[in-house]
Structures are given as structure tokens and as C-alpha cells.
Amino acid sequence: MNDLAKLPEEQVRAEHRRLSETLKTQNKAYYQEDAPEVDDALYDRDFRRLKEIEAAYPDLVTPASPTQTIGAAVTKGFGKVRHKVPMLSLDNAFGSDDLREFEGRVRRFLGLPSTEDVSFFAEPKIDGLSASLRYEKGVFVQGATRGDGQEGEDITENLRTLQDLPMELQKGEYSIPEVFEVRGEVYMSMSDFQALNANQEKAGAKVFANPRNAAAGSLRQLDTRITASRKLRLFAYAWGDASVIPGQNQSEVLTQFKQWGFSVNPLSRVCLNMGEAIDAYRKIEELRASLDYDIDGVVFKVNRLDWQQRLAFVGRTPRWAIAHKFPAEKATTTVQDIEIQVGRTGALTPVARLEPVSVGGVVVSNATLHNQEEIERKDIRIGDTVVIQRAGDVIPQVVEVILDKRPHDSTVFNFPVICPVCGSHAVREKNPTTGKEDVVRRCTGGLICDAQAVERLKHFVSRTAFDIDGLGAKQIELFYKRGWVLSPVDIFKLEENDKNRLQKIKNLEGFGDKAVRNLFGAIDQRRTIEMDRFIFALGIRHIGQGNARLLAKNYGSLGKLMETFSPDYPEPGKAYVDLLAIDGIGDAVADAVKEFFSETRNREILQDLSEQLSVQDFEAPSDESPVSGKTVVFTGSLELMTRAESKAKAEGLGAKVSGSVSAKTDYLVAGAKAGSKLKKAESLGVTVMTEQEWLDLIGG
Ligand code: IVH
């Protein structure tokens, strides 16, 4: 039907105008009035024609075009918000020893003398969902969920319904900042949760497992009237993007938050040293049961903000804070059966099917048994009575078997050596360096194994990967079973491959007209994707979000990455060495990357995908630092910062810190008593600077 090239431009433009108008009217009828005026086939034909025209005349793709607005406003529901300052997580401590170690790390990093105490600010760790609230000139303008930490969802309108959230900041001691993002935890009180569940039950609606789920379900509602009816609250405890910070200490900022009109947790307090911090933990733990909201630990933050700033972050967690979690909750139940699950990498994981039991308010009916050795070590048999535990969001685990209660007919579990899904051999690989058998048994079937294929697809569409609305684990299973989506690229050809697809999907249970159209819109929206998300979605072994970002950052584009690891690359040895030279990439990761990109089948998948998608080149953060990409060596004794701090700071600014001087070194920072490295740098003509000059270069 592609006659466009032959038609006069004016005629095509007129057709575009006409179609846009028609589709807009139909959309309104369909989405807002729930009263479609034309049948789907006609609508789809017009919509496709509009897309064709826009492909030929890209200047017609305006934000107002139905091709843009349908996918955006309707399918996504919530827009995306990129966090200017990422929303990170916290490292965990499980006892006083961990806390003391944390203090030790802080001291060493800052180079503090033993005479100087470190004060901590202790805050209950609220078990809810974190949100970021942006205020401009004191007015609430945007609210977002945490999402994957880099990008969350726009829930501004939902957050407006919270009582604890001031629409305008009230005057306090400090003047109102130009820009300030308050961060905190949205939660539901126990009593509101119980009342909500009682109501839900009466209405025959879904009851929530715990206050956290209830809060999450209530906050992410497209209809904000529902959010408003569910009493949600907020404790403010942190901040993101900020033009000024109102205070010198964590405690002062929280006092300012109170003056602005936020709720700050009343149990939060300053502890003058680690001894006091440990006391604070005990006191809060004692109070836990009497509180009307769930907490799952105590967060300790270095109180001084200048120290927080110097300590900065390592990976996804701050060096200046730690969460001391409460011990896991336990319960006793029986093992009814042991089943094997096959994961995305072919790992066979034994799962205990349990007599359902409530552990800390959540009903548990499965527990992971990890692997064969674990079952043997704990001697877990079918029929056994076991103690299980659940800590936070972690999958429940079996702690021990109560041997006194073992029935005569308990059965030992024979770990299969054949994959229960595809029948291929399942083996425990030998580690090439240590010669030891891997604890995990893996199916050797690769992509012929349905379990692996399905799990990879689920990973591909998961929230931190492609995040396609309306295409979750359930839909992937359905589509896979029907043969519609067997590999990632099929997702993007779902519509084009089969003219009757729309009707076929609609025939499936749970899919209405609107759902299918929304699904196609959501898929289209993801045809453009960030490079790091794309790499993560591929499900390469050992490549989590952090490593995916590292690869994206270091190779810049998918093309470059594929080229470097293609069989035709002229210097494969160098490609591998360069990969290993990336800070944070070790042997296992490097091997996995090399193997993945050199595998023909994977290269075909990548080729197919790149025809359907536009994978964006990696965008370096806009405030590029003057030392980004430079190699720096520190030598001699540093006086203004400790070695660890200098290294962390340099790396945080995108520089590579090396231990030895070579022709590739850009800067040598020489402290007192610098020796051979200084000589070598001078002989190689490397720029040598003092510590102060270095600090001036990086802006303090
Ligand atoms: S501070 C950079 N303080 O715990 C650190 N987090 O594991 C920012 N949370 O995502 C977090 N209570 O959802 C902080 N008093 C508290 C908290 C708290 C609960 C949650 C928050 C965060 C998670 C980190």
C-alpha cells in the first residue's frame, strides 16, 4: 500500500491532517467517553496509514500527532521522571559489630584522629515506598517514585492527595530555596491498613498482604480519587536536587523540614558516638511493636553534612549511611514437596512447597532451598517440619529442620541430573581455575529449553529492563505458549507479523480492546531505549544494572560494543584486555561479555533487534568534569585527603585512578616524599601537580 512516493506532497499532507483529526475524535470517544465510534479494524488501518505518512514525512511527527499522544498519555499512564540526583539504597548491617565496622570505615576514609567522635543521626527505617518531591520557589511541582533509582514514575497528582505533604513550603529559619527535592517514605499506618482491608473485603475487592503493598497499590492509581480515599502518610528524611541545603547537619535539615510543614519521624535523634547509636537501635527495636506503622530497622547517617559530602557514594549506596535491619522473622511449618525451577541462566533451583504459614504478617508457601549442597547440608526431606525465616523483601529461606518431628516416611530428595523442562543434561560445571565443581547445576539446553527462553523474555521486559506496560511475566508466558513471542524481537513484530493479532490477543482472557491497543502503544514507546537498559535486558550472565551501565559508558554505542567483540575484530586480544581494564569489570564479567557477543545466535538476535529499535548512544552526565576520562596517579603522602577519599573522589568525577605511572598517565598528584613515581612521571613528561593544584582543578 506504499503509494506515498508517487503522490504529490500537498495531497499527503492533507491526508495527514484529515486522518489526525479523525483519529483524535475517535480517541476521545474511545478513551474518555468509553464509547468507540468505529470498529477496531478501521481505526487500526487509519492509524497505520498515519504512521506510514509520518515515516515518509518526519516533520509531521509533532507532539500533538495521535501517533505520539496515544502511546504517551494513554498507555503509559504515568510519565517517566529522570532523577537529577539518583535515588539510591542503603547498605545493611546485621549487628553491633557491623555498625562498629561501619564507623571504622568512616573514620579511615576521613582520616579522623581517635580523639574525634563521629556523631550519627538515627532514624527508624520506614517500611514503605520512597518518593521524591520537587519544590520550585517553595511550590510543589512534581513528585516521582524511586523506580530503578535513575528514573521513576510521575505521581505528582497522586501525591497531592497526601495530608503530610505541603503544597507550599511554610517559612522557616532559612529562606525558601529556588529548587529543593525532599525525599521520604510514603506509608500506610497499621490502623488505616486494617480499616482498608476490612472495607475491601466487604466490597469483595482484593485485600492487601501488608501495609507496604497497600501503600504501593494506593499510590500508583491512575484515578487519583482512589489514592485520596486511602489515607497515605509521609515521613521526610532525605533530599535530592537542591539549590541550597538548609543546615550543616542531617538533624538541622530535618528540623527545617518540620518548619516547612513535613512530618519527620519523632523517634529520630542525634547520637554523639557509636555507643549511643547502638543504644538508639535497642530503644527503637523495643518500641517497634507499639508503633502504628511498620519499620524494618534503624538507619544511621553521619550527622555532619560536610563529612557526608566527602564520604560520597560507592556504587549504589552512600558511604555515610547504613541500615541496621531487625532480625528476620521466623515460623515453623512442614515441607510438602520439593520442586525444581529452571531460571534464565539454566540454573536448577530447588524450591520447598510449604504448608502455608504467616511470617510477620505475610503468608508464605514457598521457600528457596538454593542448591543441592544446601539441601544435603541441612538434610531437608519431604515431610520434614522446618523453621523458615523471612527478612524484609528477601525470599523466605529454610533455617533448620526440627529432627524430633521427622516422620518415618519422610523422603530424601533426589536432585535431578536432567532438566525437568527440556530434558537436556543438567551439569555442575568445573571452575577452570580452582577445579572445583560449581554449586549450581545448570541445564545445558540453552535456548531450546523453554524455561530459559521464557525466563529470559521475562527478564527482557522486566521493570528495570524494557519495562513495557501491560507486558509482564504473565503475558509473556501466554504469548510464548502460543508461539507469538519466542525471542525478544518478536515483541516488536507482534503487531506486524499477523494481521489478526489484535483480534487474537483480544480473545485471550484478561485482554480488552483498550488493553491491546495500549499494549501496542507501550511497545512502540520502547522502540527507543537507553543503551544501559538495553544491555541489561539482554540478560548476559553477571551483567546487572551496574555493569550494564559501565559497559554503556565505556563503549558509548551498541555498534561499538558489537564491533569490538565481533569475530572480525582485528585485535581480539586487545579488546579483551581493554574490557578488563575497566574499573569494576573482573574476569568473570569479561568472559561473560566476550562469550555473549561472539556467539552467532546472540549476534543474530542483536542484529534483528537493532533493526526494530533505536538504541541510544550513552549520554554522559551533562556536567562533565574536567578530569573525566583522564588517568591519574596519586603518590607520596597526601595531607588534605586520605588516599581512599582522593581515589573515590577522582573516580566519582569519571577519572581512572591507577597505581603506576605510564605514558598513558595524564596527571601525577604528588604529596610529600614522592619518590620513584615522580621521577618516572617527569621523565615521561606527565603533568605533575600538588594536592592543592589537583583540588583546584576538580573544583574543591
Ligand atoms: S535514606 C541515599 N532514610 O530505605 C540513601 N531511607 O534501603 C537514601 N528508607 O530507598 C535513603 N526509611 O525507601 C533513608 N530514614 C530513612 C529511611 C529510608 C526508609 C528506605 C528508602 C530507601 C531504602 C534504602
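The values are calculated or read from the model by the stated rules, or taken from the named source; none is laboratory data. Fair warning: this is a prediction, and the values are worked out from it, not measured in the lab. Note that each Cβ is placed from the backbone with ideal geometry, even for glycine, and that neighbours are counted across all protein chains shown. Accessible surface areas use protein heavy atoms only, side chains included; no ligands, DNA or RNA. Shrake-Rupley method; radii C 1.70, N 1.55, O 1.52, S 1.80 Å.
Which value, in Å², gives the accessible area per residue of the chain when a 1.4 Å probe is used on the protein heavy atoms?
The answer is 50 Å² per residue.
Find the percent of Cα-Cα distances in the chain that exceed 42 Å, and round it to a whole number.
Tail of P(r) above 42 Å: 39 percent of Cα pairs.
Computing the accessible area with a 1.4 Å probe over protein heavy atoms, can you report the carbon and sulfur percentage for the chain?
49 percent
Are there any chymotrypsin sites (Phe, Trp or Tyr not before Pro) in segment 482-540 that are in a DSSP loop and have at most 11 other Cβ atoms within 10 Å? List them by number.
Those that pass, being in a loop and sparsely packed, number zero.
Cross-link partners among lysines for LYS553, C-alpha distance below 23 Å, same-chain residues fewer than 8 apart left out?
Straight-distance partners of LYS553: LYS80, LYS84, LYS574, LYS594, LYS630, LYS647, LYS649, LYS656, LYS664.
Counting Lys and Arg as +1 and Asp and Glu as -1, what is the net charge of the other residues whose Cβ lies under 10 Å from the Cβ of VAL427?
Taking every Cβ under 10 Å from that of VAL427, the sum is +1.
Among all the lysines, which ones have a C-alpha under 17 Å from LYS405's C-alpha, if same-chain residues fewer than 8 places away are not counted?
By straight Cα distance, LYS405 reaches LYS378.
Given charges of +1 on the Cβ of Lys and Arg and -1 on the Cβ of Asp and Glu, with all other atoms neutral, how large is the dipole of the chain about its Cα centre, in debye to the nearest 20?
Charge dipole, the chain, about its Cα centre: 380 debye, nearest 20.
Mind listing the phi-derived Karplus ³J(HN,Hα) values for segment 513-520, rounded to whole Hz, using 6.51, -1.76 and 1.60 with θ = phi - 60°, and x for any glycine or proline?
Here the 3J(HN,Hα) series is 3, 5, 4, 5, 5, 4, 4, 4 Hz.
Students often get this wrong: which residues of segment 213-227 have the backbone nitrogen under 16 Å from the point 7 angstrom along Cα-to-C-beta of GLN163?
Flagged as within label range: 227.
Taking every pair of alpha-carbon atoms in segment 323-400, give the share separated by more than 20 Å as a whole percent.
30 percent
Taking a cut-off of 17 Å between Cα atoms, list the lysines near LYS504, but don't count ones fewer than 8 places away on the same chain.
Result set, ordered by chain and number: LYS474, LYS481, LYS493, LYS514.
Normalising by the residue count of segment 491-581, find the relative contact order in percent from Cα pairs under 8 Å and 6+ residues apart.
Over segment 491-581, the number comes to 16 percent.
Can you give me the relative contact order of segment 263-368 as a percent, contacts being Cα pairs under 8 Å and 6 or more apart?
About 16 percent, as a whole number.
Quick one: which residues, 5+ away or cross-chain, put their amide H under 5 Å from the amide H of GLU151? H built at 1.01 Å from N.
Amide H neighbours of GLU151, under 5 Å, 5+ apart: HIS83.
Pop out the ³J(HN,Hα) list for segment 417-426 in order, Karplus 6.51 cos²θ - 1.76 cosθ + 1.60 with θ = phi - 60°, rounded to Hz; leave Gly and Pro as x.
Once rounded to whole Hz, the list reads 10, 10, 5, x, 8, 10, x, 6, 5, 10.
If packing is taken as the average number of other Cβ atoms within 10 Å across a peptide's residues, how do 232-240, 312-320 rank, most packed first? Intermediate results must be reported in sequence, preceding the final value.
On the way: 232-240: 22.6, 312-320: 16.2.
So the order, starting with the most tightly packed, is 232-240, 312-320.
In percent, how large is the relative contact order of the chain, given Cα pairs closer than 8 Å and 6 or more residues apart?
10 percent
Tell me which cysteines of the chain come out unpaired when the rule is another cysteine's Cβ under 4.7 Å.
CYS271
Tell me which trypsin sites (Lys or Arg not before Pro) from segment 117-175 have a DSSP coil assignment and no more than 15 other beta carbons within 10 Å of their own.
LYS137, ARG160, LYS171
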